[in-house]
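Engineer: Structure in structure tokens, see below.
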Amino acid sequence: MSDLLQRLRGRGWRMTAQRRVVAEVLDGDHVHLTADEVLAQATARLPEISRATVYNTLGELVSLGEVIEVATDGRAKRYDPNAHRPHQHLVCSSCGTIRDVHPTGDPLSALPPTERFGFAVSAAEVTYRGVCPDCRSPQ
């Protein structure tokens, strides 16, 4: 499980029932839900939660740096609670499923000095693409 709820409590984030439900929906490993998926799961737990509250809470979590917005291939943004552990993403090019991966090695070292064009490079984002087992399996 991710430690999103623990991190938010440690920050003294005001934990209303609505905020708690959104954080609970997002908490976990390999969670990369769209805002609408968060809304659906939050509504199942707390029927009176509004779309605006879910969207506002997601925006606040991103602003706090506790959740990462992940955008791939023009699809809906997804929200990743694994904001404090370095990782890359593996994306299914068919269904859009995203998994966190932790490859060995430093992606910054893969960029030769001749390709840095004078930039002081501080970070690298690598996205691996392929087709997940569910999409590869004949239906």
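Engineer: Which residues, counting only those in the range 122-139, are surrounded by 11 or more Cβ atoms within 10 Å (Cβ to Cβ), of a type outside the set (Ser, Thr, Tyr) and at pLDDT 90 or above?
Structural biologist: 129, 130, 131, 132, 134, 135
Engineer: Collect the residues in the range 93-134 that are in contact with a Pro (Cβ under 9 Å, 6 or more places away or on another chain) and closer than 30 Å to residue 41 by Cβ, keeping them in residue-number order.
Structural biologist: Hits for the range 93-134 are 102, 125, 126, 128.
Engineer: Let me ask something else about it. Just need a number here: residues in the range 98-139 that are within 23 Å of residue 34 (Cβ to Cβ) and either in contact (Cβ under 8 Å) with a residue 60 or more places away in the chain or hydrophobic (A, V, I, L, M, F, W, C) (or both).
Structural biologist: The total comes to 8.
Engineer: Scan the range 10-17 and give yes if some residue there is more than 14 Å from the chain's Cα centre (by Cα), surrounded by 14 or more Cβ atoms within 10 Å (Cβ to Cβ) and not assigned by TED's automatic domain parsing to the domain that holds residue 97, otherwise no. Can you show your working first?
Structural biologist: Of all residues in the range 10-17, those more than 14 Å from the chain's Cα centre (by Cα) come to 10-17.
From what is left, the residues that are surrounded by 14 or more Cβ atoms within 10 Å (Cβ to Cβ) are 13.
Now restrict to residues that are not assigned by TED's automatic domain parsing to the domain that holds residue 97: 13.
Yes, the range 10-17 contains at least one residue that is more than 14 Å from the chain's Cα centre (by Cα), surrounded by 14 or more Cβ atoms within 10 Å (Cβ to Cβ) and not assigned by TED's automatic domain parsing to the domain that holds residue 97.
Engineer: Looking at (1) in contact with a strand residue (DSSP E or B) (Cβ under 9 Å, 6 or more places away or on another chain); (2) on the phi > 0 side of the Ramachandran plot; (3) assigned by TED's automatic domain parsing to the domain that holds residue 20, which is the only condition residue 96 fails?
Structural biologist: The single condition residue 96 does not satisfy is (3).
Engineer: May I ask you to verify whether residue 52 is among the hydrophobic types (A, V, I, L, M, F, W, C), out of contact with any helix residue (DSSP H, G or I) (no Cβ under 9 Å at 6 or more places or on another chain) and not assigned by TED's automatic domain parsing to the domain that holds residue 128?
Structural biologist: In short, yes.
Engineer: Being in contact with a Gly (Cβ under 6 Å, 6 or more places away or on another chain) and either closer than 14 Å to residue 26 by Cβ or not aliphatic (A, V, I, L, M) (or both) narrows it down to one residue among 99, 75; which is it?
Structural biologist: 75
The values are calculated or read from the model by the stated rules, or taken from the named source; none is laboratory data. Remember, it's a predicted structure, so these values are computed and weren't measured experimentally. Cβ sites come from the backbone with ideal geometry, for glycine too, and all protein chains shown count toward neighbours.
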